[in-house]
Amino acid sequence: MKEKLEALKQKALDDLAKVSDAASLEQMRVAYLGKKSELAAILKGMAALTAEERPIIGQLGNSVRTAIEEAFEVAKKHVIELETAKKINAERLDVTLPSKKTDKGNLHPLTKVQAELENIFLGMGFSIAEGPEVETDYYNFTALNTPEFHPARDVQDTFYITDKVLLRSQTSTVQVHVMENNKPPIRIISPGRVYRSDAVDATHSPMFHQCEGLVIDKNITMADLKGTLETFAKAMFGDKTKIRFRPHHFPFTEPSCEVDVSCFVCGGKGCSVCKGEGWIEILGAGMVHPNVLRMSGIDPEVYSGFAFGMGIERIVMTKYGISDMRLLYENDTRFLSQF
Ligand code: PHE
């Protein structure tokens with residue numbers, strides 16, 4: 001029995017020394033320390049021993065059990081270490097790996113110029129007004145002194161949703177909303193999308209952007225309009241920029257004009273950007289027509305005002321020397337990343 005116990009101890013210690021994973025460790029716990037283990041079987045045989053042998057074998061049995069238990073604890077510690085190391089290894093992050101290159105985006109030139117435009121006018125005490133892109137014909141035409149037979153109302157020029165509802169063809173609609181809802185003094189700009197039934201080419205798009213301006217107060221004159229637009233032009237195109245007014249016609253302003261800026265590339269001598277003119281047209285403007293004031297509830301005997309409207313695409317193209325408007329809508333990042 002003694003030899004059996006010694007042999008069992010040796011076998012158990014050898015096996016436990018070799019164990020390297022949790023599953024075989026558990027198998028060994030059952031095999032060497034469990035209720036049905038070999039050790040338990042041997043110790044059951046003690047009943048057949050003599051009274052002298054029994055305490056000796058009992059002691060030996062206990063020391064074998066303790067030795068196996070100790071070896072088991074050592075093996076358990078070893079297995080935990082091994083399994084932890086395995087786990088750490090499997091979850092390892094290589095922080096020295098170079099990161100994936102991400103391209104840095106930039107603002108679209110239209111967005112950039114619109115923000116610049118807003119800043120210039122905010123600096124002059126204007127605030128920003130908004131209006132709907134889907135309008136009634138009243139706001140787009142009637143209230144802007146554009147009667148029913150006016151050619152601008154033609155289906156060729158305007159996107160109608162019903163007889164009376166359309167996509168606004170100009171931001172001038174916002175003038176009317178602002179005058180209806182505010183008492184003078186009024187000083188607003190309103191940038192936004194407008195729609196016209198134009199075929200796409202280098203200078204036309206059925207959707208484009210405008211920025212409206214409206215100032216109403218007592219004693220507003222065309223000199224105020226000129227001073228405001230000159231300040232704007234110098235801030236947008238450079239300090240040397242000059243402006244000029246050419247007589248024009250708009251139904252909602254009287255007098256009306258178109259406004260040109262001196263070419264910032266050639267300074268007025270004539271070049272490819274200004275097409276030899278020395279001047280570049282950037283907007284329409286004028287003194288708000290008394291009918292327009294009256295229809296929106298403002299007394300033209302007390303108040304006067306000016307309005308202007310510019311195409312933002314036109315400003316972007318002029319400022320950056322872009323000759324084809326389609327480039328602004330094609331979303332080619334090789335083009336857009338230049339701004
Ligand atoms: N709404 C005009 C246009 O789209 C521009 C304009 C605005 C002219 C305000 C005068 C005053 O052409």
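The values are calculated or read from the model by the stated rules, or taken from the named source; none is laboratory data. Bear in mind the structure is a predicted one, so any value in this text is a computation, not a measurement. As a convention, Cβ positions derive from the backbone with ideal geometry for all residues, glycine included, and neighbour counts pool all protein chains shown.
With respect to being within 23 Å of Gln114 (Cβ to Cβ), in the same structural domain as Val288 (by TED's automatic domain parsing) and modelled with pLDDT of 95 or more, Glu180 falls outside the description. Any idea which of (1) at negative phi; (2) surrounded by fewer than 16 Cβ atoms within 10 Å (Cβ to Cβ); (3) not aliphatic (A, V, I, L, M); (4) not in a helix (DSSP H, G or I) is the one Arg326 doesn't satisfy? Among (1) at negative phi; (2) surrounded by fewer than 16 Cβ atoms within 10 Å (Cβ to Cβ); (3) not aliphatic (A, V, I, L, M); (4) not in a helix (DSSP H, G or I), the lone unmet condition for Arg326 is (4). Counting the residues of segment 159-176 that are surrounded by 19 or more Cβ atoms within 10 Å (Cβ to Cβ) and either within 13 Å of the ligand (Cβ to nearest atom) or not hydrophobic (A, V, I, L, M, F, W, C) (or both) gives 9. So, in segment 299-317, exactly how many residues are farther than 21 Å from Gly227 by Cβ, β-branched (Val, Ile, Thr) and within 16 Å of the ligand (Cβ to nearest atom)? Qualifying residue count, segment 299-317: 1. In segment 216-253, the qualifying residues are those that are under 30 Å from Glu330 (Cα atoms) and in contact (Cβ under 8 Å) with a residue 40 or more places away in the chain, and the one that is nearest to the ligand (Cβ to nearest atom) is Phe232. Within the option set Leu293, Leu328, being away from the ligand (no atom under 16 Å from the Cβ) and either aliphatic (A, V, I, L, M) or under 26 Å from Phe141 (Cβ atoms) (or both) holds for one residue only, Leu328.
Within segment 254-285, the set of residues being within 10 Å of the ligand (Cβ to nearest atom) and touching a residue at least 40 places away in the same chain (Cβ under 8 Å) comprises Val259, Leu283, Ala285.
Among residues of segment 189-215 being away from the ligand (no atom under 12 Å from the Cβ) and either touching a Leu at 6+ places or on another chain (Cβ under 6 Å) or of a type in the set (A, V, I, L, M, F, W, C) (or both), the one that is modelled with the highest pLDDT is Met207. For segment 33-40, does any single residue satisfy the condition of being in contact with an Asp or Glu (Cβ under 8 Å, 6 or more places away or on another chain), farther than 30 Å from Tyr320 by Cβ, touching a residue at least 60 places away in the same chain (Cβ under 8 Å) and surrounded by 13 or more Cβ atoms within 10 Å (Cβ to Cβ)? Within segment 33-40, none of the residues are in contact with an Asp or Glu (Cβ under 8 Å, 6 or more places away or on another chain), farther than 30 Å from Tyr320 by Cβ, touching a residue at least 60 places away in the same chain (Cβ under 8 Å) and surrounded by 13 or more Cβ atoms within 10 Å (Cβ to Cβ).
Considering only segment 293-323, state which residues are in a loop (DSSP other than H, G, I, E, B) and of a type outside the set (A, V, I, L, M, F, W, C).
Passing the criteria: Ser296, Gly297, Asp299, Pro300, Glu301, Tyr303, Gly321, Ser323.
Residue by residue, here is whether (1) under 14 Å from Ala67 (Cβ atoms); (2) among the charged types (D, E, K, R); (3) assigned by TED's automatic domain parsing to the domain that holds Ile56 holds:
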{"position": "Leu8", "(1), (2), (3)": "yes, no, yes"}
{"position": "Lys11", "(1), (2), (3)": "yes, yes, yes"}
{"position": "Asp15", "(1), (2), (3)": "yes, yes, yes"}
{"position": "Val19", "(1), (2), (3)": "no, no, yes"}
{"position": "Ala23", "(1), (2), (3)": "no, no, yes"}
{"position": "Tyr32", "(1), (2), (3)": "yes, no, yes"}
{"position": "Leu43", "(1), (2), (3)": "no, no, yes"}
